[in-house]
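Computed from the coordinates by the stated procedures, all read-outs in this text should not be read as laboratory data. Everything quoted here is computed from the prediction, not taken from an experiment. Heads up, the Cβs are rebuilt from the backbone with ideal geometry, glycines too, and the neighbour counts pull from every protein chain shown.
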Amino acid sequence: MEDKYYLTKEKLDELKKEYEYLIGTKREEIAIDLEKAKSLGDLKENAEYHEARANQAVIEERIAKLNSILKSAIIITRKKVGIVGIDSIVVVKKDKDPKEKEFHIVGSEETNLGNSRISHKSPLGSALIGKKKGDKIKCCTPGGSVEYTILDLK
């Protein structure tokens, strides 16, 4: 079963650009590097050749991953219906903590904790999905169970 990848239009465009770059320019560069390395002689002890092959493997793996993502991408659009979903911005407060925190629920390919963008598959993200303003949720973290109250949806 293929995973579904929830992406914003902007992220989809970014991944398409990366894919085109990798299958065009980057593959070509690696092919040139491999040819240069082969010309240096014995492949068993040729560090340049082994490095080029390793780079090729990394690029081909990324190309395969991007291909899978692009084939099964679902474009998300913000829907303000009062229920937390992917692309919702949620303001929460941890019980016994006066500070409010804001999180943007995104697909796993767009997660960025530094920008408070959490995956819908993360413990907190999955606990928030389907909830509404005023709901209390419990989230299991490595440090134990944490309770949050949803203060607002944007």
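Extension gain for Leu151 to Ala31 (0.36 nm times residue separation, less C-alpha to C-alpha distance): 37.8 nm.
So if each residue of separation counts as 0.36 nm, and I subtract the Cα-Cα distance between Lys4 and Ala47, what length gain in nm does that give?
Details: separation 43, 0.36 × 43 = 15.48 nm, distance 3.92 nm.
Here the answer is 11.6 nm.
Apply 1/(1 + (r/R0)^6) to the Cβ-Cβ distance of Gln56 and Lys16, taking R0 = 25 Å, and write down the FRET efficiency to the nearest 0.05. That pair, Gln56 with Lys16, gives E of 0.70.
Straight-distance candidates among the lysines for linking to Lys38, with alpha-carbon spacing under 25 Å and chain neighbours fewer than 8 residues away dropped: Lys26. Pairs from the table (Lys17/Lys154; Lys11/Lys138; Lys101/Lys136; Lys11/Lys136; Lys16/Lys71) lying more than 19 angstrom apart at Cα are Lys17/Lys154; Lys11/Lys138; Lys11/Lys136.
Given charges of +1 on the Cβ of Lys and Arg and -1 on the Cβ of Asp and Glu, with all other atoms neutral, how large is the dipole of region 1-72 about its Cα centre, in debye to the nearest 20? Show your work: numbers first, answer last.
Details: 14 positive and 17 negative charges, 61 e Å.
That gives a dipole near 300 debye.
Rounded to the nearest 20, the Cβ-based charge dipole of the chain about its Cα centre (Lys and Arg +1, Asp and Glu -1) stands at 1160 debye.
Under a point-charge model restricted to the Cβ atoms of Lys and Arg (+1) and Asp and Glu (-1), what is the dipole moment magnitude of region 111-154 relative to its Cα centre, in debye to the nearest 20?
On the way: 8 positive and 3 negative charges, 29 e Å.
Once rounded to the nearest 20, the dipole reads 140 debye.
For region 50-138, the percent of C-alpha pairs falling in each 5 Å distance bin, counted from 0 to the bin holding the largest distance, reads 3, 12, 18, 19, 15, 10, 8, 7, 5, 3, 1, 0.
To one decimal place, what Kirkwood hydrodynamic radius in Å is obtained for region 5-75 from all pairs of distinct Cα atoms? For region 5-75, the Kirkwood estimate is 13.5 Å. Note on Ser72 and Lys94: the model spin-label points, each 7 Å out from Cα along the C-beta direction, lie 3.3 nm apart.
Calculate, in whole percent, how much of the Cα-Cα pair population of region 89-153 lies beyond 16 Å. Walk me through the intermediate numbers first.
Values: 866 of 2080 pairs.
Tail of the P(r) past 16 Å holds 42 percent of the pairs.
Ranked by the mean number of other Cβ atoms within 10 Å of their residues, highest first, the peptides 30-38, 139-147 come out as 30-38, 139-147.
Roughly speaking, what is the centre-to-centre gap between region 117-154 and region 11-58 when only Cα atoms are used, to the nearest Å? Comparing the Cα centres of region 117-154 and region 11-58, I get a distance of 42 Å.
Against the empirical curve 2.2 N^0.38 Å, the C-alpha radius of gyration of the chain lands at a ratio of 1.45.
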